[in-house]
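Take a look at the structure set out below.
The values are calculated or read from the model by the stated rules, or taken from the named source; none is laboratory data. Everything numeric in this text was worked out from a predicted model, so none of it was measured. Cβ placement follows ideal geometry from the backbone for every residue including glycine, while neighbour counts extend to all protein chains displayed.
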Amino acid sequence: MSFGLVHCFFIVFILSFFCSNAVESPDRESLLSFKNSLENPQVLLSWSPSVSHCNWTGVFCNEGRVTSLVLSTHTLAANQLKGPLSTTLFSLTSLVVLDLSSNQLYGEVSPEIASLSRLEVLDLGYNRLTGELPSRLGDLTRLQTLRLGPNFFTGKIPPELGNLVQLESFDLSGNSLTGNNHQMGN
């Protein structure tokens, strides 16, 4: 009788393991969507659907949620990401660190970036990003590091960046921006 009970528990354990792995997390789907938006998705070879997203290169998790995404060329052994800055990344609402520096990402930074309310480090420097800086960057009040230079941003520095009172490191150099930035951070 005890053998049957052990066998039953074993089957339940195995089934629960497979069922939990079959459930797709929204973070995983966002990351795969980002990868698929790239012109060179092969750079992210470790991002395989058969592997947990928390084991992918540059992805760091806490309890299955992505808390850091570090995909600068330093972590990719000089293989640069090339493609648009996909808004799917802005659904990773547990992100604390987003480092996509030193790549070939292009396009504008969407106001949707404000959904990353836990962000403490945002480094999009050394890319090919264009357009005006969204005023919603000022909603990221936990930011301690903001690096957006050099890129090809134009227009005025949004006064809302003055809300970033926790800033310790700030770089907008190498852009065509006008206005003051002296009221930001510590």
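So, SER72, is that one under 21 Å from LEU31 (Cβ atoms), touching an Asp or Glu at 6+ places or on another chain (Cβ under 7 Å) and either modelled with pLDDT of 95 or more or not β-branched (Val, Ile, Thr) (or both) or not? Answer is yes for this residue.
For (1) under 15 Å from the mean Cα position of the chain (by Cα); (2) charged (D, E, K, R), each residue gets a yes or a no:
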{"residue": "ARG65", "(1), (2)": "yes, yes"}
{"residue": "LEU81", "(1), (2)": "yes, no"}
{"residue": "PHE90", "(1), (2)": "yes, no"}
{"residue": "VAL96", "(1), (2)": "yes, no"}
{"residue": "SER110", "(1), (2)": "yes, no"}
{"residue": "ALA114", "(1), (2)": "yes, no"}
{"residue": "GLU132", "(1), (2)": "no, yes"}
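Scanning the stretch 144-158 for residues that are over 16 Å from SER101 (Cα atoms) and in contact with a helix residue (DSSP H, G or I) (Cβ under 8 Å, 6 or more places away or on another chain) yields a count of 1. Here the condition is being touching a strand residue (DSSP E or B) at 6+ places or on another chain (Cβ under 6 Å) and either of a type in the set (D, E, K, R) or over 22 Å from LEU69 (Cβ atoms) (or both); of PHE170, PHE152, it holds for PHE152 alone. As a summary of the residue check, LEU164 satisfies the conditions (1) of a type outside the set (Phe, Trp, Tyr); (2) at pLDDT below 95; (3) surrounded by 18 or more Cβ atoms within 10 Å (Cβ to Cβ) except for the one numbered (2).
When restricted to residues that are in contact with a Gly (Cβ under 8 Å, 6 or more places away or on another chain) and either surrounded by fewer than 17 Cβ atoms within 10 Å (Cβ to Cβ) or at pLDDT below 95 (or both), the stretch 108-124 contains 1. Put simply, of THR67, THR87, THR154, THR141 the only residue that is crowded, with 16+ Cβ neighbours inside 10 Å, under 26 Å from GLY174 (Cα atoms) and among the β-branched types (Val, Ile, Thr) is THR87.
Residues in the stretch 24-75 that are part of a strand (DSSP E or B) and hydroxyl-bearing (Ser, Thr, Tyr) were compared, and the one that is farthest from TYR126 (Cα to Cα) is THR67.
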